[in-house]
Structure formats: C-alpha cells, structure tokens
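Working notes for the structure below.
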Ligand code: F6P
C-alpha cells in the first residue's frame, strides 16, 4: 500500500534533530517516524508530510524531500505551511487548511498518484486529513496523541481565564479541528482502551464521535525503538558514564555518591510533574539515604544551576524544582546533567540498570507513557504515575502481574514508598528488570504497531467507514479571518455547555 502520514508540527530529518528539546518534538515524532519505518519494512510505500521551514535557527528542514539513511521506503515531504520560519504548533492554524492543504494536493497532482490512505496525527494533522478526505475521498485514520479538552481540564480553564488561555493555546481552533477529525475519520487509533473511553468521551466531543462505536476505534499501542533502547552496550556508554559520574562528583558528597539514581528525564513541561518527585525526596529521609535524584535536561551543562539558559514553562519548572530543593535543604541528594538525544538517553538508562537505579515518570496525566517502556527495554525498572496509559501497559489484569510500580503522582509518601519498594530489595529490583524487558519485547515494539496500522489501512481502504452525521468543517480553516475565527462564545459552547 501507499500510505501518507500527516504531521505538520515539529519536523522530521535523518538526524532526529531537536527531539526532546521542544514540546513539538516529543514522543509523537518518535511514534510517526517509527510507525512509518515499520510500514516500509513491511514493504509499503510511505510519505511523512510535514512543514517546510526556511529558518537559520532550524536549518535542517528546508529541503522539500528528505530520507532516512536506513529506510528507502519512507520519504519525508516538506510542504510550505505559512511563513518560512519555524512556528510552534499553536500558531499553524491559519495555514493548515490553506497553504498546507493546497500544497499537498498540488504535490500529489504533480506526482500523478495519491496515497491509498492517510494517517493523520494530532489536531493539526487530523484537520487536514478531513479536508483531503472531503476533496479527494481518500480514507484516513486519526490519532489524537493528546486532545485539547484534556489539556484545558489540566490547566483548569474557566470562563474567567478562557480568553487568556485561548490566546496562548488557541483551544477554540484546536477543539474544532479535533471534533472534525474524529467525526470524519474512517478510524480513530488510540494507544490504550482507556484513552478511547476517557479522552474521546469528553463532553467537548460529545456530538463528534460515539465512543462506544467499535467500528470507529482501534487500539494500537506504540512501540519502543529497540535498535536504540536495549540492554546491550552502545557507543555512547563511556561518554555518558563519565558525564553522570562527573555530575555526581560535582553535586553529591562522597558518602552518598555511590547510591543508585532515580532518573527523571521528561520534557520540562508542567504536566510531567517533576516537583512530585522532588517532594517525595523532601518527605522521605529513607529515600534520600537510598538514592540520589537525577533531573535529566537537554541543552545545559548544569541544568539546575544554569537556569538563565531556559525560558517559558521550562524555566518555571526548573525554578520550582530548585526553590523546593533549596527550601528543603536537600541539595546533597540532587544532581542534574544533559542528555542531548535518544542514544544518550538509552546509554543513561543502561548506566542506571548497572547501578541498581530506577526510572520515574510522575505525570499528572500521561496519555500513553512511552518513556517508561524505553527505560524498561534497557533493563531499568520503573516507578510511574497511576494516571493514564501506564495502568494498561504496566499491568496485566489477566495475569495479575505488574511490570512497573504505579503510584499516585501527587502523594509524595506513596511515591517514596514505590521507589523504596525497588531500591531496598535487590531481588525485587531484578524481577522488575527481567519482567520489564519481556513485557516490551512481547507487546510494545514498533513492528507490532506498524502491523496494526497496516491492518487498519487495509480495512478502511476496502470499506471506508461512513462517519454518520458529518460535522461541518468551520469556515475559519479554509478562509481564516477575524470574522471567521473560532470565537470564545463558540469555545464556551463546545467546552462548558
Ligand atoms: O509528542 C507528544 C505530544 O503529545 C505531541 O502530540 C504534542 O505536540 C505534545 O506532546 C503535547 O501537546 P499539548 O501539550 O498541546 O497537548
């Protein structure tokens, strides 16, 4: 088959540039790239459609066509979408249904051949999937990755702060795009059953999709890139070992320097709740005596001391961490160091696995949680949030087995106890290490994900699912103007009423 991925935000290049460094260069790009590579490995032809960027700050994304070295079956196709310079995903709305859509249609008209199926990712990709479907009849799948209504819940959006929040995140445009995408998609792909029933049943989407309509949904978990994340020594291991040990020597007194680490390597995004782990260390002396906390950040030699290098939410998160650590007087149990890419991250996970360490992720809500599986795949046991995807990926109800320790991310004592459960028992630590690797290999590889997408693509190409009542595509997306914009009144109707 010929499959087109629609992913305008972030970008793609052979070096996976900027991954982990910017909110738009997070797990979704890993997901799209690895699924695309997996489909090509199954013999299918794949285009990843993204945005052309001509910006000296972001020099990797100006070529129209790009390819991955180890996969000739995948093309990265960059189509202009608004101005030349890089734009965060929140600013793409006026250009998706105009420049980008027209550019894509022209690209395929010139080629004289269009993909059999599109797979659209996030609200922005989903909107364009619906528009191409309307103009060319090509069936499409929609994968939300994260939905705006949940983000509004998490950010406590009210009628009072609605205007300010919509200014910053354009929730009106995002929710309208999500509603259109889920309403018109031939299939909605979620990573877990929970995502389907909890996220797509939000009142904001009540008339857009029937969450109990089995024809509309397929659960296809993402996978771990086991080329990168595996227990076998890699070329970066020595460099990362010395980077970690240098940081420990710099930050932790000799008496504690050989303790295991609790590694926290998420984006500096409020929803990742770094402070939840700091609070666990503040609350539990036993935890401080059993391990040191390592905050992994990209882009600064000594992240917790080089705050001036950060701005926005990243800066706020780092300030919150450093203020709490200072107030608690626990600087002797905290270290931080940079990891610049996934290879270095995998090397750090392997170092952790050799030193009885633990990976932690305490998100207030984690749609799926790929990072814990990546750590487990390197042999590093995990203690993670009990909110979201990890409750499915790390617990097997049937076998009653737990592959990671789940904790309430906002209860410091419970977090501390969860960490101590592994840190104080070598036997239990080893059990979680072995079970964790097995869990990933059996259920969470990108090969499995690609097979899931192939099956869905074949199904919808032969029997497009009629979406029933079609939601009209708001005029704003194809004729953006202050008059057609999605105003606050409409956003209130969708989200509050
Ligand atoms: O990369 C993972 C991801 O969920 C992307 O889908 C998205 O760009 C970002 O992180 C989350 O975006 P938001 O905070 O706007 O939901």
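The values are calculated or read from the model by the stated rules, or taken from the named source; none is laboratory data. Note that the coordinates shown come from a computational prediction; the quantities given were computed from them, not determined experimentally. Don't worry about glycine lacking a Cβ; one is built from the backbone with ideal geometry, like all the others, and counts go over all protein chains shown.
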Please verify whether residue 82 is at pLDDT 95 or above and either in a helix (DSSP H, G or I) or within 19 Å of residue 28 (Cβ to Cβ) (or both), treating the condition exactly as stated.
no
Please tell me if residue 107 is assigned to a strand (DSSP E or B), more than 16 Å from the ligand (Cβ to nearest atom) and either surrounded by 22 or more Cβ atoms within 10 Å (Cβ to Cβ) or free of Cβ contacts under 8 Å to residues at least 60 places away in the same chain (or both).
no
In the stretch 260-273, what count of residues is obtained for those that are more than 23 Å from residue 27 (Cα to Cα) and either out of contact with any strand residue (DSSP E or B) (no Cβ under 9 Å at 6 or more places or on another chain) or within 16 Å of the ligand (Cβ to nearest atom) (or both)?
0
Could you list, in sequence order, all residues of the stretch 90-99 that are in contact with a helix residue (DSSP H, G or I) (Cβ under 6 Å, 6 or more places away or on another chain) and closer than 18 Å to residue 54 by Cα?
92, 96
Restricting attention to the stretch 294-301, does a residue exist that is in a helix (DSSP H, G or I), at pLDDT below 95 and either more than 21 Å from residue 361 (Cα to Cα) or within 16 Å of the ligand (Cβ to nearest atom) (or both)?
no
In the stretch 424-442, residues that are surrounded by 16 or more Cβ atoms within 10 Å (Cβ to Cβ) and touching a helix residue (DSSP H, G or I) at 6+ places or on another chain (Cβ under 8 Å) total 7
Within the stretch 206-231, the count of residues that are more than 30 Å from residue 496 (Cα to Cα) and in contact (Cβ under 8 Å) with a residue 40 or more places away in the chain comes to 11
Only one residue in 15, 34, 90, 85 is away from the ligand (no atom under 16 Å from the Cβ), within 26 Å of residue 266 (Cβ to Cβ) and touching a residue at least 24 places away in the same chain (Cβ under 8 Å). Which one?
15
Scanning the stretch 13-38 residue by residue, those touching a strand residue (DSSP E or B) at 6+ places or on another chain (Cβ under 7 Å) and either over 15 Å from residue 120 (Cα atoms) or modelled with pLDDT under 90 (or both) turn out to be 13, 14, 37
Could you say whether any residue in the stretch 242-259 is in contact with a strand residue (DSSP E or B) (Cβ under 8 Å, 6 or more places away or on another chain) and within 16 Å of the ligand (Cβ to nearest atom)?
no
Residues in the stretch 39-48: is at least one within 16 Å of the ligand (Cβ to nearest atom) and at positive phi?
no
Residue that is nearest to the ligand (Cβ to nearest atom) [pool: residues in the stretch 224-241 that are crowded, with 17+ Cβ neighbours inside 10 Å and part of a helix (DSSP H, G or I)]:
240
Of all the residues that make up the stretch 452-487, how many are surrounded by 16 or more Cβ atoms within 10 Å (Cβ to Cβ) and in a helix (DSSP H, G or I)?
10
